[in-house]
Amino acid sequence: MTRTVLAVVLGVTVLAAAGCSAGSAPQARSTASPEAKPSRTAPDCPEDGVAIKGSRVDAAMGTRAMGITLTNCGERPYQVNGYAGVQVLDEDRKPLAVKISHGSDIVDDVGPEPLTLQPGEHASAVLMWRNRVTDGTGPAVNGAFLALTPAAGGSRPQLVRELIDLGSTGKLGITAWHRKGPKPRT
């Protein structure tokens, strides 16, 4: 294994806080605190009080990894449990046929755990895929945008512009949200 591949695998493993392997997992859920609707504290904070940003894609020998961060930019605690909702879009922002799975053969997924993010706190997840051409009869899938939500079927998607070069695999894996940074004191 080359040093570059090893560095990518180790980097993705750290980002994903690797643990036990993924199996079937409960459906993702995210909810704002029931006592009040979060209000926006920053001009770029979406109405639901959370912002999702993507990091640059780390690529080596056909393996790709991209971190995503969910930030509570509202004024109330925000609960998240599970996996982000992910859809790969083309240049015209139309959905592409991509299979999204929990975990991957690249990084173990620790699975979902309930998180309550206080204002200003973050959660992270990792998207992983391989750029392979496995079948010469089908076209390569290249996305131009990701539509991301805190949970599958959740709030209004937030767009991240990024080349998602899946080759002919048409597959993308994602880890569950996990706390980014130190856990709050209780």
Quiz item: What residues qualify as long-range amide H neighbours of GLY167, i.e. H under 5 Å apart, gap of 5 or more or another chain, H built at 1.01 Å from N?
Solution: ARG132, VAL141
Quiz item: Listed highest first by mean packing, meaning other Cβ atoms within 10 Å per residue, what order do 89-100, 141-152 come in?
Solution: 141-152, 89-100
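Each reported figure results from applying straightforward, stated rules to the coordinates on display, with no laboratory input. Values in this document were obtained by computation on a predicted structure and should not be read as measured data. Note that each Cβ is placed from the backbone with ideal geometry, even for glycine, and that neighbours are counted across all protein chains shown.
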